[in-house]
1. Mind listing whichever residues of the range 224-263 are surrounded by 24 or more Cβ atoms within 10 Å (Cβ to Cβ) and among the hydroxyl-bearing types (Ser, Thr, Tyr)?
2. Look through the range 150-159, keep the residues that are in a strand (DSSP E or B) and among the aliphatic types (A, V, I, L, M), and return whichever of them is surrounded by the most Cβ atoms within 10 Å (Cβ to Cβ).
3. Mind checking which residues of the range 260-289 are acidic (Asp, Glu) and over 15 Å from Gln314 (Cβ atoms)?
4. Limited to the range 174-206, what total is found for residues that are out of contact with any strand residue (DSSP E or B) (no Cβ under 6 Å at 6 or more places or on another chain), among the small types (Gly, Ala, Ser) and buried (at least 22 other Cβ atoms within 10 Å of the Cβ)?
5. Tally up the residues in the range 298-308 that are surrounded by fewer than 16 Cβ atoms within 10 Å (Cβ to Cβ) and assigned to a helix (DSSP H, G or I), please.
6. Would you tally the residues in the range 84-115 being assigned to a helix (DSSP H, G or I), among the β-branched types (Val, Ile, Thr) and closer than 19 Å to Tyr164 by Cβ?
7. Quick one: in the range 114-149, of everything that is surrounded by 17 or more Cβ atoms within 10 Å (Cβ to Cβ) and in contact with a Lys or Arg (Cβ under 6 Å, 6 or more places away or on another chain), which residue is nearest to Phe413 (Cα to Cα)?
8. Confirm whether Ala390 is of a type outside the set (Ser, Thr, Tyr), touching a helix residue (DSSP H, G or I) at 6+ places or on another chain (Cβ under 6 Å) and on the phi < 0 side of the Ramachandran plot.
Amino acid sequence: MSSPLRIPIIDCRKADAAALFADLREKLSPRGDVVSEAGRQRTIDLFGEPLSPVQVVSRICRDVADRGLDAVLDYTERLDGRRLDATSMKVSAAELAAAAAQADPEFLETVRQIRDNIIEFQRAVLPTDARVERVLGDGRVVLRQRHLPMKRVGICVPGGAAAYPSTVLMTAVPAQTAGVREIAIVVPPTEFGGYNSDLLATCHELGIREVYRVGGAQAVAALAYGVDGIPRVDKIVGPGNLFVALAKQFVFGDVDIDSIAGPSEVIVLADQTARPEYVAADLISQAEHSPGSGVLITWHEPLVQQVLAALETQLSELDRGGLATQSLEAYGAMIVARDQQHAAELTDQLAPEHLHISMDDAESMLAKVQNAGAVFLGHFTPVALGDYIAGPSHVLPTGGTARFANGLASTDFLKRSSVIEYDKSALQAEADAVRLLAAKEGLTAHSASVDIRLR
């Protein structure tokens, strides 16, 4: 099998399959340096040498921690070509209001519809506080678990190659549903970012008044450490390129993060019932982010060539077809599994951000797969529904991190605390157990803190 698109084809029935699959896993991992050529060139222009993304992020974050706002503005000028100051970096209330006033009414109505869909789902997944009461002789124990919203959250919104009002919705609305009061949005100072009227109108419609024209690793560092004009946050969420993902990883510990959300990716698990043109469209929809990845896994070998033919046709007709082609050739693959079970195992190993199960009996395959950020079932559930309107957040773990990380949800903006209350009789009933364990561990002050109350 061969492809004019030069998309790698991995036939798992052949001897070289394991090595090819391992190479694909590495390219799609957070270590894979999935950076556009323009991004690599900017690194050289900025630092005078081809540093790795990890080295770039480390330098930027440390510089922002040391020099604060001056470093943020310096990198904004050098990387994004915008000379800003503390005043122009923040989008004013008047600018937000003007964007909303000038917005297409149909667009704003769609924003409201999506907001309502998100709220409906995100409310449904919110936990309830737990309460346990225990009687110990004459004593009483009350155990509770309470949930309180975080006070201040930072949201990264991409804005390099396209505008993403959908990301504002998919991050801010879950936070608002959880009860977060302070939301700060950072977005690159570009025509698709901090100067995009649709994005600013979306922020205004949602009641968000803190929007900063700063992107990349410097924006993540500003949120994490706090700089003049941008107070530090408790948690940073939102997608971005590899530099943003690595910056979030770098600052984790100073703040919480959602996940290491890198370039978009999709695996389409398909059988003989799949329509090749549907499969091709799903692969392109994530690859057009550029960089982005699209992988087909099937045990129906004829589907591979059918999908490749459909890709050729569709890529030639799309505005971003050239960019999508580059992504598919660099980070895509066509994989022929041995059978359905093997296809599920390969999917779990790649642990994709988006998994589209394109089968008549998609539910049966769902039972076989564990690792995916979001799963789309059946032939008529394209990933675009999850990206834009369904209700679950489209901010999802990428790069294989769906093995252990979850998609963003309202629950991620809650602080969970246990609350423990004993009366004296209950303390007396449990005292011997505390004394025994304290003695085993040599922590005599633990015992003493019980004994002093029972004398």
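1. The answer is Ser259, and nothing else.
2. Val153
3. Narrowing the range 260-289 to residues acidic (Asp, Glu): 265, 271, 277, 282, 288.
Passing the criteria: Glu265, Asp271.
4. 1
5. 2
6. Final tally of qualifying residues: 3.
7. Here the answer is His147.
8. Against the criterion (of a type outside the set (Ser, Thr, Tyr), touching a helix residue (DSSP H, G or I) at 6+ places or on another chain (Cβ under 6 Å) and on the phi < 0 side of the Ramachandran plot), Ala390 does not qualify.
The values are calculated or read from the model by the stated rules, or taken from the named source; none is laboratory data. Nothing here was measured: the structure is a model prediction, and the numbers come from that model. Every residue, glycine among them, receives a Cβ derived from its backbone with ideal geometry; neighbour counts consider all protein chains shown.
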